[in-house]
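The structure under discussion appears below in the form of structure tokens.
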Amino acid sequence: MDISTIAFSALTISGMGLLLGTGLGYAAVKFKVEADERLQLIRDILPGANCGGCGYPGCDAYAEAVVSGSAPLTACSVGGAAVVAGISEIMGVEAVAVTKQVAFVKCNGNNTNALFKYDYSGLNDCQAAMQLAGGGSKACIYGCLGCGSCYNVCRFEAIEFVDGIVKINREKCTACKQCVGACPKSLITLVPYDNYVNVTCNSRDAGKIVRGNCKVGCISCKMCEKACKFDAVHVENNCAIIDYDKCTMCDECVKKCPTSAIVSKTFVKETKA
Amino acid sequence: MDVTQVFLIMLSSIFVNNFVMSRFLGICPFLGVSKKIETALGMGVAVIFVMALASATTYIVYNYVLSLLNIEFLYNIAFILIIASLVQLVEMFLKKSNPSLYQALGVYLPLITTNCAVLGVCVINKDTPSFGFIAAVFNGIFAAVGFTLAIVLFAGIRERIERNNILPHFLGFPIALITAGLMSIAFLGFAVQLPL
């Protein structure tokens, strides 16, 4: 190889690059599309996690939808009130108050509390585990399988494994709803952040069956209904459900629940051995 | 350059050596943009445009620049440079003139840059000694028409599959890949030796 080959190579490629680059630069000016400047502003204040919690494929798409007026300003649960306020300011409307929400796992059937039908040692995926006979290894078919399908989709490291089941870290959770869709047992729901009285059971079985499967399941005894002075807790389909609009967090139902299926941050009852 | 050769190139690139079905080039957009016939057609048109332009420019650059300077070994870099710029141009043009098609093609439009079918047709053009400039351009166009044919047919089948009752494990890409395989076998039926 002589020097002329090297020189020709370098010159040709750089020359072509220069020529094509100039052409593209010219075309960029000529074919310029006027973009709404609010688009970039909104995109800048969005969290940029591209989690899809708003229902749009990523933050860019959501910003576009907001500018075009087809998306609600409050759809970004990840950013919370600050982002809503920011978007509202850019779009020139008054901010709407949003209640902060967190995901919550409606199961407390950990390795100590729940009984198992068999040992599962297959794929570490809830979908796979659920395909097996009986819908997983837990005796209770409604219970958390603890394989971590929700853990895998969480982009905020808000899901932790505690003794064979998952728990949501309330501080890290951004309510992006990814885990809600990932759970094949539909165990995860969004609950208000300020309300910390929750039912940790999703079993629709009759009380007797629940008692045989799990120490902390809701046996639909309706003690909570009677204890509640605010008509905020009801047993429907063999499982207690809290009406968060009415709940005042008085902890009465938590104290009364014989199986500790209702939990609260302020009142922790010892589980009977 | 006579009519027979153009006809043979047409038969060869569209059916016998179909880029997707027999050469297995350009599989990424083939699987990615084939959910709806409409977008598949749009992608096909974009590919036809890019391939025709790329065939013409790379032919000129190869024969009148690289060959002249005895630096043919640079053809890969030079071709990719040209194709990438062309795709950028098409992207800007589409964004301005047809935003809905631009939206529908999405990420796959910039992906034409790295679409091996485009680079493939340019390399095939340079490697076939009997191809002149016009033959090369025709080859580019017809190869892209073959690509369009394959992707539109595939999109049609996938649209129908959507409405069918399919085992949940096969939903989505698994059944699409099986379909693509069967289509490829069908295209093998065209495999006769053409005197190119």
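The values are calculated or read from the model by the stated rules, or taken from the named source; none is laboratory data. Keep in mind that what you see is a predicted model, and the values were worked out from it rather than measured. Note that each Cβ is placed from the backbone with ideal geometry, even for glycine, and that neighbours are counted across all protein chains shown. Heads up: the accessible areas ignore ligands, DNA and RNA and are worked out on the full protein's heavy atoms, side chains in. Shrake-Rupley method; radii C 1.70, N 1.55, O 1.52, S 1.80 Å.
Looking across region B:51-75, the residues that are closer than 18 Å to residue B:115 by Cα and hydrophobic (A, V, I, L, M, F, W, C) come down to B:51, B:52, B:53, B:54, B:56.
When B:7, B:24 are checked against the criterion of being more than 14 Å from every other protein chain (Cβ to nearest Cβ), farther than 21 Å from residue A:18 by Cβ and in a helix (DSSP H, G or I), B:7 stands alone in meeting it.
Find the helices (runs of 4 or more DSSP H) located wholly in region B:74-130 whose residues include 1 or more that are in contact with a Ser or Thr (Cβ under 7 Å, 6 or more places away or on another chain), within 14 Å of chain A (Cβ to nearest Cβ) and at pLDDT below 90, and list them. Let's see the steps before the verdict.
Numbers: elements: B:75-97, B:99-105, B:108-111, B:116-127.
Filter on region B:74-130 gives B:75-97, B:99-105.
Residues that are buried (at least 19 other Cβ atoms within 10 Å of the Cβ) and over 11 Å from the mean Cα position of the chain (by Cα) were ranked within region B:22-36; the one that is farthest from residue B:102 (Cα to Cα) is B:34. Among the residues of region A:104-111, are any small (Gly, Ala, Ser) and within 13 Å of another protein chain (Cβ to nearest Cβ)? No; the residues of region A:104-111 include none that is small (Gly, Ala, Ser) and within 13 Å of another protein chain (Cβ to nearest Cβ).
Tally the residues that are out of contact with any Phe, Trp or Tyr (no Cβ under 7 Å at 6 or more places or on another chain) and open to solvent by 20 Å² or more (accessible area, probe 1.4 Å), restricting the search to region B:1-21. Outline the logic, then answer.
In the first step, residues of region B:1-21 are kept if they are out of contact with any Phe, Trp or Tyr (no Cβ under 7 Å at 6 or more places or on another chain); the result is B:1-5, B:7-8, B:11-12, B:17.
This time we only want the ones that are open to solvent by 20 Å² or more (accessible area, probe 1.4 Å), so: B:1-5, B:7-8, B:11, B:17.
So the answer is 9.
Among all residues of region B:37-53, there is at least one that is more than 29 Å from residue B:158 (Cα to Cα) and open to solvent by 10 Å² or more (accessible area, probe 1.4 Å). Out of the residues in region B:94-142 meeting the condition of being more than 18 Å from the chain's Cα centre (by Cα) and among the charged types (D, E, K, R), tell me which one is surrounded by the most Cβ atoms within 10 Å (Cβ to Cβ). Here the residue is B:95. Within region A:156-187, the set of residues being in a loop (DSSP other than H, G, I, E, B) and either within 19 Å of residue A:139 (Cα to Cα) or assigned by TED's automatic domain parsing to the domain that holds residue A:202 (or both) comprises A:163, A:164, A:183, A:184, A:185, A:186, A:187.
The residues of region A:106-130 that are open to solvent by 50 Å² or more (accessible area, probe 1.4 Å), within 19 Å of residue A:159 (Cβ to Cβ) and out of contact with any Ser or Thr (no Cβ under 7 Å at 6 or more places or on another chain), listed by number, are A:111, A:123, A:124, A:130. Could you check residue B:54 against (1) at pLDDT 90 or above; (2) over 23 Å from residue B:131 (Cβ atoms); (3) among the small types (Gly, Ala, Ser) and say which number it fails? Residue B:54 satisfies every listed condition except (2).
Hey, among the residues in region B:60-73 that are open to solvent by 20 Å² or more (accessible area, probe 1.4 Å) and assigned to a loop (DSSP other than H, G, I, E, B), which one's farthest from the other protein chains (Cβ to nearest Cβ)? Give the steps one after another, and end with the answer.
In the first step, residues of region B:60-73 are kept if they are open to solvent by 20 Å² or more (accessible area, probe 1.4 Å); the result is B:60-65, B:67-70, B:72-73.
Within this subset, residues satisfying the condition of being assigned to a loop (DSSP other than H, G, I, E, B) are B:67-70.
Values: B:67: 11, B:68: 9, B:69: 4, B:70: 7 Å.
Only one residue fits best here, namely B:67.
Assessment of region A:133-144 against the conditions (out of contact with any His (no Cβ under 8 Å at 6 or more places or on another chain), loosely packed, with under 14 Cβ neighbours inside 10 Å and part of a helix (DSSP H, G or I)) yields at least one matching residue.
Identify the residue in region A:24-39 that is facing chain B (nearest Cβ under 7 Å) and over 29 Å from residue A:91 (Cα atoms) and, among all such residues, is modelled with the lowest pLDDT. First the steps, then the outcome.
Here is the first cut: in region A:24-39, the ones facing chain B (nearest Cβ under 7 Å) are A:24, A:27-28, A:31, A:33.
Cutting the leftovers down to over 29 Å from residue A:91 (Cα atoms) gives us A:24, A:27.
Working: A:24: 90, A:27: 87.
The extreme case among them is A:27.
Does region A:4-14 include one or more residues that are closer than 28 Å to residue B:93 by Cα, surrounded by fewer than 17 Cβ atoms within 10 Å (Cβ to Cβ), within 14 Å of chain B (Cβ to nearest Cβ) and at pLDDT 85 or above? Looking for residues that are closer than 28 Å to residue B:93 by Cα, surrounded by fewer than 17 Cβ atoms within 10 Å (Cβ to Cβ), within 14 Å of chain B (Cβ to nearest Cβ) and at pLDDT 85 or above, one finds at least one in region A:4-14, hence yes.
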